[in-house]
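Here is the structure we will look at, set down as structure tokens.
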Amino acid sequence: MGDANPVFKNIIASIVDGIILISREGTLLQANLATEEMFQQSRDHFLNRPVADLFPGQPELQKKIEDTLHNGVAYHQIEGQGHRRAHSTTFPVSITVSPYINDQNQPEGAVLYVRDCTLAQELEQISRPFDAISHLGTLSLGMAHEIKNPLVSISGSAQLLRKKLPEEHHKFLDVVIKESERINRMIDRMLNFARPLELDLETINIHQILEEILLLEKQSHEDVIRFEAIYDPSLPPVEGDGDQLKQVFLNLIQNAIEAMPEGGTLKVLTRYHTDYAVRSQARTDRRKTILVEIVDTGLGITPENMKHLFTPFHTTKSQGNGLGLPLSLKIVENHNGKLKVISEPGSGTRVQIYLPVKQENA
């Protein structure tokens, strides 16, 4: 056991979340490197200082830490706000507080395990449009069936009437028939969007899907668009529906190309993502994720359009139907993933897709 202390020291130094040791008096005694990075200050600034310096203005959190210090009570996943000294800003954290027991089995302080929840909260907010899409889908199914039946009668009656009326009246009935057909096509799109997506799950190499799409797009646009693919070759496979995921990436890559009418650079990047893990109703364990980023140097998206980005049938394209991004969000969410869009006018757009890796024991 003589090697135990160096081994555990290395383990703690390698953990990506913050680990903080607090004395019985409530001062900071030790912290790992991740704590420095998370709070953006060196240990020299906060060691031997009160723990409240890292979590100021939170009496409920302070009370629970004191309860742990004096009574040995452990608390799990307390929501709080950390303080970044460098920029004087706060960020959401989840904290687990446990009593620290010394070699003589005596309570000597407390250990804080701190997780930065910034990204998790951002992605939770991004998921809200998907909830609206789900409600809209249920509503659309009912409305579409109610509209479709009388629409068939209107179109059929107009066609019958056209046969019986003189030719000079045909142009008016042609408008009725044409508009009925247009509404019918729109209802069909609503029905297709609203229906639950069945997943044909398989083990997928995400790079293979991306390369198949880029191969075709390069042939059509390589004269004006510069394509860059930066892949992490160590990425594990994902479990998903290959056709549906291909539809997502094809839509996002085509959107990026259309955002650069005068030409530009399109980057597709992949990497293993350690800052965010996903849970689903079927799997409550935390599953690591891979991140796919599609980055363009195009026109960017205005704040007003960002608000409606995932609103079905809202589009800025003359030939668009406004279902590309909502459908992409729906597919990604059905894969227990997340989709995030970062953009400003004139600064291009970065689309991030988080997908859980395939578990070996799944």
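The values are calculated or read from the model by the stated rules, or taken from the named source; none is laboratory data. No experiment lies behind these values; they were computed from the predicted model shown. Glycine also receives a Cβ, built like all others from the backbone with ideal geometry; neighbour counts cover every protein chain displayed. Side chains are part of the model used for accessible areas, which takes the heavy atoms of the whole protein and leaves out ligands, DNA and RNA. Shrake-Rupley method; radii C 1.70, N 1.55, O 1.52, S 1.80 Å.
A few points about this structure:
- The lysines whose alpha-carbon is closer than 19 Å to the alpha-carbon of LYS288, local same-chain residues fewer than 8 away aside, are LYS338, LYS340, LYS358.
- Residues of type lysines that LYS178 reaches as a straight line, Cα spacing below 20 Å, ignoring anything fewer than 8 places off in the same chain: LYS148, LYS163, LYS164
- Each label point was placed 7 Å from the Cα along the Cα-to-Cβ direction; for VAL152 and ASN305 their separation is 3.9 nm.
- Reachable lysines, given that their alpha-carbon falls under 24 Å from the alpha-carbon of LYS218 and they are not under 8 places away in the same chain: LYS246, LYS267, LYS317
- Length added when fully stretched, ASP67-ASN10, from 0.36 nm per residue minus Cα-Cα: 17.6 nm
- Ligands, DNA and RNA left out, the 1.4 Å accessible surface of region 1-60 is 56% carbon and sulfur atoms.
- For region 1-122, a/c is not less than 1.5, where a ≥ b ≥ c are the root eigenvalues of the C-alpha gyration tensor, and a/b does not top b/c. That puts it in the oblate class.
- Alpha-carbon centroids, region 62-111 and region 215-275: separation in whole Å: 43
- Think of a 1.4 Å ball rolled over the protein heavy atoms: region 2-107 then has 60 Å² of accessible area per residue.
- Only Lys, Arg, Asp and Glu carry charge here, each on its Cβ (+1 for the first two, -1 for the last two); on that basis region 2-43 has a dipole of about 100 debye about its Cα centre.
- Taking the 1.4 Å solvent-accessible surface of region 152-254 as the whole, the part contributed by carbon and sulfur is 53%.
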